[in-house]
Structures are given as structure tokens and as C-alpha cells.
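Asker: Could you have a look at this structure, given as C-alpha cells, before my questions?
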Amino acid sequence: MLRYIKINLVLMRNSFIRDSQMPGYVISSFLWRILDITISLIFFGVIFANIQNLAGWNYWQVIFLYAFARIIIVAHNAWTKRGIQSMATDLIRRGEFDFYLAKPVDPMIMVSIKSPRIYNFITLIFLIPLAIYAAIKSGVPIGLDNVIWFFILAGFGFILYYFLMILCVIPAFWFIRLWTIAEIMDKLNTFMRYPAGIFSEGIKIAILVIFPIVTVSYFPAQILFYPPQPEYIVFMIFITLLFGAVVRYLWSLGQRTYSSASS
Amino acid sequence: MKKYLSYFYVSFREFFTYKADYLVGIIFSLIYFFIYFSLWKAVFASNGQTDIGNYTLANTITYYFVISFIFRLDVTDFIYLSNEIWNGTFTNKLVKPWNAVYCYLLIALSQVAIEILLYIPFAIFIFIFAASYIILPTLTMALCFIVTILLGIFLSFAINFCLHALTFRLGDQEGNINLVSFIISFLAGSIFPLTFLPGALKTFFMALPFRYLFDFPANVFMNKVPLNEVLIGWVQILGWGILFWLIFAIIYKKGLKIYSGTGR
């Protein structure tokens, strides 16, 4: 564990030095994210100009859900996204995955943390206060037990999101040139910003159980605003562990088919 | 002309080799349609509203159906001019006996053709899924819609080429192009119908040329634009397109003089 923390710190430092040389990239990437947040807020403004609540959630609760979902996404964008995406675009196709197989570390973790974008964490400076402000403005009484369970489930949500990201790129072991899978999570992320109640039963099963992208953000947010329900907590823990096991299994299966051939 | 047709055909064949990539991209792009479908159904159902900003639920769902199609025609991701100027491979196009700009145009068009071809079954699937909500155009408006989107492609090319040509003078523009493209697509109405915007903001968005890329064609499809306004719209698209194309021509011509072909 300590070894991974040390490697991670070195890679973060490296990212800081590297990205500091590219202020243009850092600024445009930062502006892009701020703009994305602004546009989303305008969009929610347009929706709530016509309604009082969306599937039982008021405006500020939905803003909280959005901000919380973005916090998880941004944290992974800054930390693991680039590394994981490179599995789909470069590492397997060019045979560069050899490098990580030959190291005395877990290849899945090593690939995930190999290319952090440390400056992307800056967006959290806006998102965390937005989430706190929205939670306060929601007008829903939030108890200490809600907050504690929220943080516990948020931790599980963070890990579950990581497993889902990995799951998306695992097909790269079999389909060598399928770059689009690197972008799948960006599209699926959109589900996370809305209350699950707006979706039909079929879609709900798909996004809460089969590919639980909405579980990542919705369950922790739900537990913050409403009395903690044991079945939610058990489900969140169970599904995270289940997906962890599935991802581990599929990754090792894929790794066995990896032939190191480049093209 | 023949050599450009061959170039288009070769590009089409080359990109079609990786059709699985396009297919996966299209399948996951459809997610947006289903999210907005669920979202607006919930919005309209929540307090029994029949219309928002002159849009019924059927109008709104049709809007997203048309938008999902127009996204397939969006050339933003298919133009490689900036990247090739920056890495020097642009030289390869310059030294060959053809117009480099036409080549980028044909490469983008070949990918648009693939996207349309692969999108057809999915469009049918969406149509069947949301049949009761989708408004079909009259024959006249269907023809007007086709002309509008063709003009929209021209406008989109002109705007994008302007941005890409800035690479000659300003260096790597990938980040800025992505940023500006994102802003343009928002201003164009790719996220929600512009009519949903409140007063002053709506007027501002409507005054910009970008609405001709998404919002205007979608409204033409839904028979919401009178024929005379469609004609005025076409003149405006052409006007804006020619203006952006002239700006591009100036930047490009000056850019060629300073292009060193060094590559990075």
C-alpha cells in the first residue's frame, strides 16, 4: 500500500512539473470545465423555471446531485482517467502494456495512476462549495447520521466509478482498435446528474444494477437528504464489491489474451 | 474533379475499415436522446404542462430526435487541419497536386457519410421507440430541412476552418478549438431548444449565426418555421458562411507564407 502511495506522489509531482510547462493547456482545460458547469446550471435553471421539483427533488437538491456527481468525475479525470483511457488508445495496440506487466506492481492500478492531470483538481475549488451551498439551500434538514452515511457511501461511489471506468476499457484486450470505448464514460456520466426517478423502470434497472453509473451519485445523495435506509447501504457496498470482483476477473482474463503484438 | 472523387472514395474506404469504432460511438451517443427523453417527459408530467415556450412534449422529443441526427453531420471532430499544421504532416498535402483545403473537406465529408450510413438503423430504432412523440415534416418542409442542413454543413466548415487556420500563427489550437466548439454547440441549441431560454438571453442567442447549425434546422423539420422565414434563414446562413469562409481564406493565405513545415 505504502509503495503505491509513494509511486502516486511521484507521478503527481511529475504531472505538476509537466503541466506547469503548458499553461495554455491548463487554462483552456480549466475554462472548458467552468463553462461546462455554467452551461449545466443554465440548463437546470431552464428546467426549474417551469417546475417546482423533478421526480421529488427540488432545484437545490438537483444542483447538489449534479455537483456531487461532478466532484467524483473531476477527481477521476484528474487522477485516473488518462491512464485508463490509454489502455483503449495506445497501451494494448502498441504493445506498451508490456512495460507495466514487467513491473513489480499491480498492472491495473499502475496503468490507472500513470498519467494524472493534477491541475484538473482545481475545478473542485468551485464544485465543493457549490455542493455545500446547494445542500444548505435545499431546505432539507440534514442530520449527523445523514452526513456520516453520505461520506461512507460517497467513498464507495468513488471506488465503484473507478471500477466502471476500467470495465469500459477492458474490451480493448480483445478489440485492439476500438478507440471510442475510451470516451464511453464521458457519455454515461450524463446519467449521474439527474434523480433516478425520472427514468423508466427498464432504464433504471440498467443504470442502477446492470451498469450502476447512477448508483455512484444517486445513492449517496439520497442518503444525505432522506433518512438512511439499510437496504441502500447494503446494496451500495454489495454492488461495489461485486463490480470490483468482476472487473478483477475480466482484467486478468484480458491480460491472459494480451499478446504484446503491436500494429 | 475525378481525382477529388477518388480521394473521397479512398477516405471513405479507409475510415470504413474502422466501422466498429463509429458504431460504438453512435450507440453511446444515443444515450443523450434517451436521457433527454426521460428528463423532458418528467418535466412535462410534473405539473401537467402542455407546452413550454411554444413547445409541446412532442416538439421537444422531436427536437432531440433531429438533434441526434444533426450531430452525425457535425464536422467538428473530422477536420484535422490544425493538428496537421502543428505536427508538420500538412506539408504532405501541400506538395501533392491537389488543393489541400479540399482534401480536408473531403476527409470530413467521407466520415460524415459513414456516420449517416451507420446511423440509419439507430434512427429507425429511435423513431419506433418514440413514434408517438415524433412529429414528421410535410414534404415541402422535409426538402427545406435537407437544404438547411446542407447549408449548415457549409457554415460549420467555414467556422471550423477559421479556427483551425489560426494554428499557423498561434501554434497548437486543439484545446481552444474544443473549447470554442463546445461554446458554439451550446449557442446553437444542441443541449436544449433555444426557445426555452428567458427573454434577453433568447434574443442574444437568436441573433447569433450558430443557431442555424442545430436549432433552426430542427424547427424547420417540425414545420415551425414559415416558408418565407426559411428562405430568409438560407440567405443568412449563406451570408454568414461566405463571411467566415473569406476570413478563413485570408488567415489561410497569410498562414501559408509563415508555415515552416517543421513539425513538432
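The values are calculated or read from the model by the stated rules, or taken from the named source; none is laboratory data. For clarity, every value in this text was computed on a predicted model and none was experimentally measured. All Cβ positions, glycine included, derive from the backbone under ideal geometry; neighbour counts span all protein chains shown. Heavy atoms of the whole protein, side chains included, go into the accessibility calculation; ligands, DNA and RNA do not. Shrake-Rupley method; radii C 1.70, N 1.55, O 1.52, S 1.80 Å.
Asker: Please determine whether any residue of segment B:111-122 is more than 24 Å from B:Leu246 (Cβ to Cβ), in contact with a helix residue (DSSP H, G or I) (Cβ under 6 Å, 6 or more places away or on another chain) and either without any contact (Cβ under 8 Å) to a residue 60 or more places away in the chain or among the β-branched types (Val, Ile, Thr) (or both).
Answerer: Scanning segment B:111-122, I find at least one residue that is more than 24 Å from B:Leu246 (Cβ to Cβ), in contact with a helix residue (DSSP H, G or I) (Cβ under 6 Å, 6 or more places away or on another chain) and either without any contact (Cβ under 8 Å) to a residue 60 or more places away in the chain or among the β-branched types (Val, Ile, Thr) (or both), so the answer is yes.
Asker: Sticking with this structure for a sec: How many residues does segment A:87-117 hold that are in contact (Cβ under 8 Å) with a residue 60 or more places away in the chain, in contact with a Lys or Arg (Cβ under 9 Å, 6 or more places away or on another chain) and either outside any helix (DSSP H, G or I) or open to solvent by 10 Å² or more (accessible area, probe 1.4 Å) (or both)?
Answerer: Total satisfying the criteria: 7.
Asker: Might you let me know whether segment B:71-79 holds any residue that is free of Cβ contacts under 8 Å to residues at least 60 places away in the same chain, touching a Phe, Trp or Tyr at 6+ places or on another chain (Cβ under 9 Å) and either facing chain A (nearest Cβ under 9 Å) or among the basic types (Lys, Arg) (or both)?
Answerer: yes
Asker: Suppose we keep only residues that are in contact with a helix residue (DSSP H, G or I) (Cβ under 6 Å, 6 or more places away or on another chain) and of a type in the set (Lys, Arg) within segment A:170-203. Which one would you say is nearest to A:Leu54 (Cα to Cα)?
Answerer: A:Arg193
Asker: Hey, another quick one. When you check B:Phe65 against the structure, is it over 26 Å from B:His164 (Cβ atoms) and within 24 Å of the chain's Cα centre (by Cα), yes or no? Outline the logic, then answer.
Answerer: Details: over 26 Å from B:His164 (Cβ atoms): yes; within 24 Å of the chain's Cα centre (by Cα): yes.
Criteria met by B:Phe65.
Asker: Taking the criterion of being within 14 Å of chain B (Cβ to nearest Cβ), under 20 Å from the mean Cα position of the chain (by Cα), crowded, with 21+ Cβ neighbours inside 10 Å and outside any loop (DSSP other than H, G, I, E, B), would at least one residue in segment A:125-142 satisfy it? Spell out the reasoning first.
Answerer: Just the residues of segment A:125-142 that are within 14 Å of chain B (Cβ to nearest Cβ), to begin with: none.
No; the residues of segment A:125-142 include none that is within 14 Å of chain B (Cβ to nearest Cβ), under 20 Å from the mean Cα position of the chain (by Cα), crowded, with 21+ Cβ neighbours inside 10 Å and outside any loop (DSSP other than H, G, I, E, B).
Asker: Also: Quick one: what pairs do we get from segment B:1-17, first residue open to solvent by 100 Å² or more (accessible area, probe 1.4 Å), second small (Gly, Ala, Ser) and modelled with pLDDT of 85 or more, C-beta under 6 Å, 6+ apart or different chains?
Answerer: Every condition considered, no pair remains.
Asker: May I pose another question? Tell me, please, whether a residue that is open to solvent by 50 Å² or more (accessible area, probe 1.4 Å) and either part of a loop (DSSP other than H, G, I, E, B) or more than 30 Å from A:Ile198 (Cα to Cα) (or both) can be found in segment A:33-45.
Answerer: No, that holds for no residue.
Asker: Within the group A:Asn120, A:Asn146, A:Asn77, which residue is touching a Leu at 6+ places or on another chain (Cβ under 8 Å), polar (S, T, N, Q) and either surrounded by 15 or more Cβ atoms within 10 Å (Cβ to Cβ) or not in a helix (DSSP H, G or I) (or both)?
Answerer: Matching residue, one of A:Asn120, A:Asn146, A:Asn77: A:Asn146.
Asker: Filter the helices (runs of 4 or more DSSP H) completely within segment B:125-204 down to those with at least 3 residues that are within 24 Å of B:Leu39 (Cα to Cα) and without any contact (Cβ under 8 Å) to a residue 60 or more places away in the chain. Break it down stepwise before answering.
Answerer: Working: elements: B:139-165, B:167-170, B:174-188.
By residue number, B:174-188.
Asker: Right, next: Could you say whether any residue in segment B:20-32 is open to solvent by 60 Å² or more (accessible area, probe 1.4 Å), within 21 Å of B:Phe186 (Cα to Cα) and over 23 Å from the mean Cα position of the chain (by Cα)?
Answerer: No, the conditions are met nowhere in segment B:20-32.
Asker: Within segment A:28-57, how many residues are at the interface with another protein chain (Cβ under 7 Å from one of its Cβ atoms), among the polar types (S, T, N, Q) and under 30 Å from B:Asp172 (Cβ atoms)?
Answerer: Counting residues in segment A:28-57 that are at the interface with another protein chain (Cβ under 7 Å from one of its Cβ atoms), among the polar types (S, T, N, Q) and under 30 Å from B:Asp172 (Cβ atoms) gives 2.
Asker: On the given criteria, is B:Pro97 surrounded by fewer than 16 Cβ atoms within 10 Å (Cβ to Cβ) and within 26 Å of A:Ser200 (Cβ to Cβ)? I'd like the intermediate steps shown before the answer.
Answerer: Details: surrounded by fewer than 16 Cβ atoms within 10 Å (Cβ to Cβ): yes; within 26 Å of A:Ser200 (Cβ to Cβ): no.
Considered against the rule, which asks whether it is surrounded by fewer than 16 Cβ atoms within 10 Å (Cβ to Cβ) and within 26 Å of A:Ser200 (Cβ to Cβ), B:Pro97 comes out as no.
Asker: With respect to A:Tyr162, determine if the residue is open to solvent by 30 Å² or more (accessible area, probe 1.4 Å), closer than 24 Å to A:Ser40 by Cα and in a helix (DSSP H, G or I). Explain how you work it out, then say what you get.
Answerer: Working: open to solvent by 30 Å² or more (accessible area, probe 1.4 Å): yes; closer than 24 Å to A:Ser40 by Cα: yes; in a helix (DSSP H, G or I): yes.
It is true that A:Tyr162 is open to solvent by 30 Å² or more (accessible area, probe 1.4 Å), closer than 24 Å to A:Ser40 by Cα and in a helix (DSSP H, G or I).
Asker: Suppose we filter segment A:165-200 for residues that are open to solvent by 30 Å² or more (accessible area, probe 1.4 Å) and within 11 Å of chain B (Cβ to nearest Cβ); how many remain? Can you show your working first?
Answerer: Of segment A:165-200, the ones open to solvent by 30 Å² or more (accessible area, probe 1.4 Å) are A:167, A:171, A:174-177, A:179, A:183, A:186-187, A:193, A:197, A:200.
From the residues that got through so far, the ones that are within 11 Å of chain B (Cβ to nearest Cβ) too are A:171, A:175-177, A:179, A:183, A:186-187, A:193, A:197, A:200.
Result for segment A:165-200: 11.
Asker: For segment B:41-57, what are the residues that are open to solvent by less than 20 Å² (accessible area, probe 1.4 Å), at the interface with another protein chain (Cβ under 9 Å from one of its Cβ atoms) and either in contact (Cβ under 8 Å) with a residue 24 or more places away in the chain or in a loop (DSSP other than H, G, I, E, B) (or both)?
Answerer: Within segment B:41-57, just B:Ile52 meets the criteria.
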